[in-house]
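Asks: Questions regarding the structure given below will be posed in turn.
The values are calculated or read from the model by the stated rules, or taken from the named source; none is laboratory data. Predicted, not measured: the structure shown is a model, and the values here were computed from it. So basically every Cβ, Gly included, is an ideal-geometry build from the backbone, and we count neighbours across all protein chains shown. Remember, those area values only see protein heavy atoms, side chains included, never the ligands or the DNA or RNA. Shrake-Rupley method; radii C 1.70, N 1.55, O 1.52, S 1.80 Å.
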Amino acid sequence: MIGPTPEARAELRIDITRGTVAPMPIAVTRFYGDNAYEQNYGRDIASVIAADLERSGLFAPIDSKAFIQADTSLNVLPRFGDWRIINAQALVQGRVIQTNDGRLRVEFRLWDVFAERQMAGVAYYTVPSNWRRVGHIIADAIYERITGESGYFDTRIVYVAESGPKNHRIKRLAIMDQDGANNRFLTDGSSLVLTPRFSPTLQEITYLSYFKNTPRVYIFNIDSGRQERLGDFPGMTFAPRFSPDGRKVIMSMAKDGNSEIYIMDLATREVRRLTHNSAIDTSPSMSPDGKKVAFNSDRGGSQQLYVMDSDGSNVKRISFGKGRYATPVWSPRGDLIAFTKMANHKFYIGVMHPDGSGERLLAEGFLVESPTWAPNGRVLMFYRQTPSDDKGRGGTSRLYTIDLTGANEREVITPTDASDPAWSPLIP
């Protein structure tokens, strides 16, 4: 039997530049396998893909109980009429094959159900232990094909894991996938650690640690486990952060009792001072092109955001709303600066353009702080702390994500309390 030819229609697409959009119904089927071994991987990989897409707030995976066509027959071709009945606009099918050398061949196809057209199809080879990452890579491919912008699922988060009583807090560096899986600790908690930040070009982090009450700045290579001390910095030192090319670290130091912003060349260890003001200048963040630095300062009488050229010249204040502003972080796209705002006895996470226009507040709470950008510049992560009683009991500190619409806030589950997250670039 020959069915009706589908009408010509525009390509399936989600326009994420229009603000809040209704999630697109998508069917992510269990990937086909010839035996139980392959079928188990096929089920788990499909589950990771569906969870990634759902958390983005842009997709609504359809419950598999509603599927009419079985995944076994999908090994041939989709029966598009069956998927239109359950209102699936997009369909993801795939297959897992164990190769002779023990690896997995994972292939997927993305279909536009109403146009009856394949939109994407790729095969990957990997060792079995890497199956979760393949799921994230496929979710990124689907996200990019339908939104037109790169995804952010194949990434990691480094953060400060907190445990113990409030008056004797143990703070360890920890790392996990962006969805909270594969959590592991990088330090043992014997020294206080603060402000981990990812390199934009390598799988490296810089962080601050207090060793015998002396602040030290370290660089830690995640893949090799190699740790390098950049130096001891007497006096208060804050918030080291990589330059966009990964060749420098910018930070604030109080060398002479006053906090100023400095930049260190990682090859030569040369340190150069950028600000010269009697006020407290801290929390520097460089623009993606390396030409500007955003920071916060109380030089105007209250804590506000400023932008200067990368040589320290041409300082301009950009925040003028009611309240205090802190922790500016430049978007990887360069179009926005995220910040923490304190006003009306509350904390807020917000964004504004680099010239200070278009301020929008995305999240609020008793304490929300430390925004960090996903590599596509569409999602922020931060931590939210709830209050404890006057004896330090109760209260939690958790990680959350929120998109730029402010309408899709999600908790990222961690095994302990968590603070100060930093989002990695896409894993190479």
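Asks: Considering only residues that are out of contact with any strand residue (DSSP E or B) (no Cβ under 6 Å at 6 or more places or on another chain) and not in a helix (DSSP H, G or I), look in the range 69-97 and name the one that is least open to solvent (accessible area, probe 1.4 Å).
Replies: Checking each candidate, the answer is Q69.
Asks: Report yes if some residue within the range 238-254 is over 20 Å from V329 (Cβ atoms), at pLDDT below 90, in a loop (DSSP other than H, G, I, E, B) and open to solvent by 30 Å² or more (accessible area, probe 1.4 Å); otherwise report no.
Replies: There is no residue in the range 238-254 that is over 20 Å from V329 (Cβ atoms), at pLDDT below 90, in a loop (DSSP other than H, G, I, E, B) and open to solvent by 30 Å² or more (accessible area, probe 1.4 Å).
Asks: From the residues in the range 111-144 that are among the β-branched types (V, I, T) and buried (at least 19 other Cβ atoms within 10 Å of the Cβ), which one is nearest to I45 (Cα to Cα)?
Replies: V134
Asks: Show me the strands (runs of 3 or more DSSP E) found entirely inside the range 353-400 where at least 2 residues are touching a Ser or Thr at 6+ places or on another chain (Cβ under 7 Å), in contact (Cβ under 8 Å) with a residue 24 or more places away in the chain and among the aliphatic types (A, V, I, L, M).
Replies: 379-385
Asks: Considering Y400, Y383, which residue is modelled with pLDDT of 95 or more, out of contact with any Leu (no Cβ under 8 Å at 6 or more places or on another chain), open to solvent by 20 Å² or more (accessible area, probe 1.4 Å) and under 24 Å from P200 (Cα atoms)? Let's see the steps before the verdict.
Replies: Numbers: Y383 fails: out of contact with any Leu (no Cβ under 8 Å at 6 or more places or on another chain).
That would be Y400, the only listed residue that is modelled with pLDDT of 95 or more, out of contact with any Leu (no Cβ under 8 Å at 6 or more places or on another chain), open to solvent by 20 Å² or more (accessible area, probe 1.4 Å) and under 24 Å from P200 (Cα atoms).
Asks: Among the residues of the range 156-214, count how many are under 19 Å from L399 (Cα atoms) and buried (at least 18 other Cβ atoms within 10 Å of the Cβ).
Replies: 25
Asks: Report yes if T405 is part of a loop (DSSP other than H, G, I, E, B) and surrounded by 17 or more Cβ atoms within 10 Å (Cβ to Cβ), otherwise no.
Replies: no
Asks: Can you tell me which residues in the range 306-360 are among the aromatic types (F, W, Y) and under 23 Å from the mean Cα position of the chain (by Cα)?
Replies: Y325, W330, F339, F347, Y348
Asks: Which one of these is within 26 Å of I413 (Cα to Cα) and in a loop (DSSP other than H, G, I, E, B): D101, D154, D140? Quick ask: steps written out before the conclusion?
Replies: Numbers: D101 fails: within 26 Å of I413 (Cα to Cα); D140 fails: in a loop (DSSP other than H, G, I, E, B).
From the options D101, D154, D140, the qualifying one is D154.
Asks: Right, another one. Restricting to the range 34-68, and then to whatever is buried (at least 21 other Cβ atoms within 10 Å of the Cβ) and in contact with a Lys or Arg (Cβ under 7 Å, 6 or more places away or on another chain), can you tell me which residue is nearest to D403 (Cα to Cα)?
Replies: V48
Asks: Could you give every pair whose Cβ atoms fall below 6 Å, whose first residue belongs to the range 75-92 and is among the charged types (D, E, K, R), and whose second residue is at pLDDT below 95, counting only separations of at least 6 or pairs across chains?
Replies: Sorted first by the residue in the range 75-92, then by its partner, the pairs are R79/Q69; D82/I68; D82/Q69.
Asks: Yes or no: Y152 under 19 Å from A422 (Cβ atoms), open to solvent by 10 Å² or more (accessible area, probe 1.4 Å), under 17 Å from the mean Cα position of the chain (by Cα) and not charged (D, E, K, R)?
Replies: Against the criterion (under 19 Å from A422 (Cβ atoms), open to solvent by 10 Å² or more (accessible area, probe 1.4 Å), under 17 Å from the mean Cα position of the chain (by Cα) and not charged (D, E, K, R)), Y152 qualifies.
Asks: Something else now. Anything in the range 316-334 that is touching a residue at least 40 places away in the same chain (Cβ under 8 Å), among the β-branched types (V, I, T) and touching an Asp or Glu at 6+ places or on another chain (Cβ under 7 Å)? List them, or say none.
Replies: Of everything in the range 316-334, just one residue is touching a residue at least 40 places away in the same chain (Cβ under 8 Å), among the β-branched types (V, I, T) and touching an Asp or Glu at 6+ places or on another chain (Cβ under 7 Å), namely T327.
Asks: Given the conditions (1) modelled with pLDDT of 95 or more; (2) on the phi > 0 side of the Ramachandran plot, which single one is not true for Q303?
Replies: It is condition (2) that Q303 fails.
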